[in-house]
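Below is one structure, written out as structure tokens, with a few remarks after it.
The values are calculated or read from the model by the stated rules, or taken from the named source; none is laboratory data. Not measured: the values here are computed from a predicted model. Positions of Cβ are backbone-derived with ideal geometry, glycine not excepted, and every protein chain shown enters the neighbour counts.
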Amino acid sequence: MIFESIKNQIKDVKKIAFVTGAGISQESGIPTFRGKGGLWRNHDAMKLATIDAFYENPKLVWEWYNERRENIFSVSPNQGHKAIADLEKYVKVVILTQNIDGLHQKAGSSEVLELHGSIVKIKCTVCDFKDEIMTKFSEIPPLCKCGNILRPDVVWFGESLPEEIWKHAIVQASQCDMMIIAGTSLVVSPANTLPIYAKQNNAYLIEINPEKTEMSSEMDLIINDTSANVLPKIVSMFKE
């Protein structure tokens, strides 16, 4: 019955915006650091992901990121990521992701806005140096050619989202006919406002998450299951 209601909705859909979070990456073997599993070597991961923690102990924060990078580079996109990439054959797709792992791009998705940056990208804390670095750092913390410390090009708690990317995300959310919110609890601001922009355009909102979220009451359809289970079924409807 759930999928019947989606079938009725997709007839006129021209553009789907996906809002994705840690849940879809968890299905590929990337741990989430919110809630019960939020410890790394007895450190609260939520406290490590701040600019204050970085300047206080850059070595510790970099050890954590080095480990995370290794883990991320070793995993593959799952059926959820692949289904979203596959959907581009049938309809315009844009992904507004809170994830920093690059798995959407690995799966073949062409339009991905990384709201919280990317663990692949590294930038200098002082000069304009930026690069994509896929290897493990042997020197911790790694230093820029200018002599200052390098950092992951990610958005830490307390930092603003990249302005241009955020503006673009609002435009994309405001122009979609359907928004699928997959694997995110919608507690991190301002990414959790994206469904509101979609709703203002009368977009049909689908939430895919094993548990209810703070915004479940705003959704047109809630599917309490994983992205890897549900998304391939949704994509198969476009093929019919």
note = Going through the stretch 6-62 in order, the residues found to be under 17 Å from THR213 (Cβ atoms), polar (S, T, N, Q) and touching a strand residue (DSSP E or B) at 6+ places or on another chain (Cβ under 7 Å) are THR20
Scan of the stretch 188-218 for residues that are buried (at least 20 other Cβ atoms within 10 Å of the Cβ) and more than 19 Å from the chain's Cα centre (by Cα), ordered by number = ALA203, TYR204
inquiry  = When the residues of the stretch 90-110 are narrowed to those that are part of a loop (DSSP other than H, G, I, E, B) and free of Cβ contacts under 8 Å to residues at least 60 places away in the same chain, which ends up surrounded by the most Cβ atoms within 10 Å (Cβ to Cβ)?
reply    = ILE100
task = Would you check if VAL120 is more than 22 Å from ASN229 (Cα to Cα), buried (at least 17 other Cβ atoms within 10 Å of the Cβ), aliphatic (A, V, I, L, M) and touching an Asp or Glu at 6+ places or on another chain (Cβ under 6 Å)?
result = yes
query = If the Cβ limit is 9 Å and pairs must be 6+ apart or interchain, which residue in the stretch 60-77 that is in the same structural domain as PRO142 (by TED's automatic domain parsing) and without any contact (Cβ under 8 Å) to a residue 12 or more places away in the chain pairs with which residue that is surrounded by fewer than 17 Cβ atoms within 10 Å (Cβ to Cβ) and part of a helix (DSSP H, G or I)?
reply = none
inquiry  = I'm trying to understand the selection: among the residues of the stretch 147-203, which are over 30 Å from TRP64 (Cα atoms), hydrophobic (A, V, I, L, M, F, W, C) and assigned to a loop (DSSP other than H, G, I, E, B)?
reply    = CYS176, ALA203
Pair list, Cβ < 7 Å and 6+ apart or interchain, from the stretch 39-53 residues that are assigned to a loop (DSSP other than H, G, I, E, B) to residues that are surrounded by 12 or more Cβ atoms within 10 Å (Cβ to Cβ) and among the aromatic types (Phe, Trp, Tyr) = ALA49/TRP156; ALA49/PHE157
query = Counting just the residues of the stretch 1-49 that are at pLDDT below 95 and hydroxyl-bearing (Ser, Thr, Tyr), which one comes out farthest from ILE119 (Cα to Cα)?
reply = SER5
